[in-house]
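Asker: Before anything else, here's the structure in question.
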Amino acid sequence: MDRRRDVARELSRRYGVLSKEGLDRLTELLQPMRVARGHELLKVGEVCRCFYYVDRGLLRQHYEKNGMDVTEHVAYEGGIVMCIESLFQQEPSRIAVEALEPSLIYALPYEPYRNYMRASFELCSFMIAILQESLIVSQQKADTLRFETAKERYLRLLRDHPDIVRRAPLHVVASFLQMTPETLSRVRAQLNTSED
């Protein structure tokens, strides 16, 4: 079944109600993709050409630093993934996008969307809302890393995004929280002890 129109409506409700014409344009551009667990939608060194909306599944953005795999972002149902620098500058990405579960995603190619934005204020506003959310999420993550302890970061993730804690492998959760798996295990053990 083609869910593109439903996905377009869902995005419209979330990022700014689109007219019928705007919904038609968005629906036309959305490209459904089924990806297997472990599939990399974007590899380091490739140019990001799309926004990805997660309809079902779990995606992560990650990179390697000093021999360590670092998870930058995790998205599940309703989330959007993009490598913003590569997308807007059309340069090779330093960040990869990988499916952590079998996933159904909808790709929104940026170049044709940009052509529509030139003629439509509402499609520009829609894109601005997506980018605002992305910037806020980035700022919040930076603030948690600057100002919160490992335990506070884990509790926040557990409260705000329990799906990530429940569905992502432990090493991915630890990496996303910028801690080692051993530190995450200690934090979880402390919380379990305090609940007893």
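Asker: Check residue 41: other-chain or 5+ apart residues with amide H under 5 Å from its amide H, H built from backbone geometry?
Answerer: The list, which skips near neighbours in sequence, is 97, 98, 99.
Asker: Moving to a separate point now. Run the dipole for the stretch 4-113 about the Cα centre, Lys and Arg Cβ at +1, Asp and Glu Cβ at -1, nothing else charged, and hand back the magnitude in debye, nearest 20.
Answerer: Result for the stretch 4-113 is approximately 320 debye, rounded to the nearest 20.
Asker: Next up: Sort 130, 105, 95 so the one with the fewest other Cβ atoms within 10 Å of its own Cβ comes first.
Answerer: If I rank by nearby Cβ atoms, fewest first, I get 130, 95, 105.
Asker: Given charges of +1 on the Cβ of Lys and Arg and -1 on the Cβ of Asp and Glu, with all other atoms neutral, how large is the dipole of the chain about its Cα centre, in debye to the nearest 20?
Answerer: I would put it at about 160 debye.
Asker: So, counting K/R as plus one and D/E as minus one, what does the shell of residues with Cβ under 12 Å around residue 150 add up to?
Answerer: Overall, the nearby charge balance is +2.
Asker: Could you tell me the distance between the Cα centroids of the stretch 118-163 and the stretch 50-72, to the nearest Å?
Answerer: What the calculation gives is 15 Å, centre to centre.
Asker: Next up: Amide H to amide H, which residues 5 or more places from residue 83 or on other chains are under 5 Å from it, using H placed in the peptide plane?
Answerer: Under 5 Å from the amide H of residue 83: no residue qualifies.
Asker: Something else: Please sort through the DSSP H helices of the chain and keep those with an alpha-carbon extent of at least 18 Å along the long axis and a Kyte-Doolittle average not below -0.5.
Answerer: Those that clear 18 Å and a mean of -0.5 are 121-147.
Asker: Another question, if that's okay. From the Cα gyration tensor of the chain, with a ≥ b ≥ c the square roots of its eigenvalues, which class applies: rounded if a/c is under 1.5, or else prolate if a/b is larger than b/c, or else oblate?
Answerer: It comes out prolate by the Cα gyration axes.
Asker: Assuming a ≥ b ≥ c are the square roots of the Cα gyration tensor eigenvalues, decide whether the stretch 1-91 counts as rounded (a/c under 1.5), prolate (otherwise, with a/b larger than b/c) or oblate.
Answerer: prolate
FYI, it's all coordinate maths here, none of it is from the lab. Everything numeric here is computed off the predicted structure, so don't read it as measured data. Every residue, glycine among them, receives a Cβ derived from its backbone with ideal geometry; neighbour counts consider all protein chains shown.
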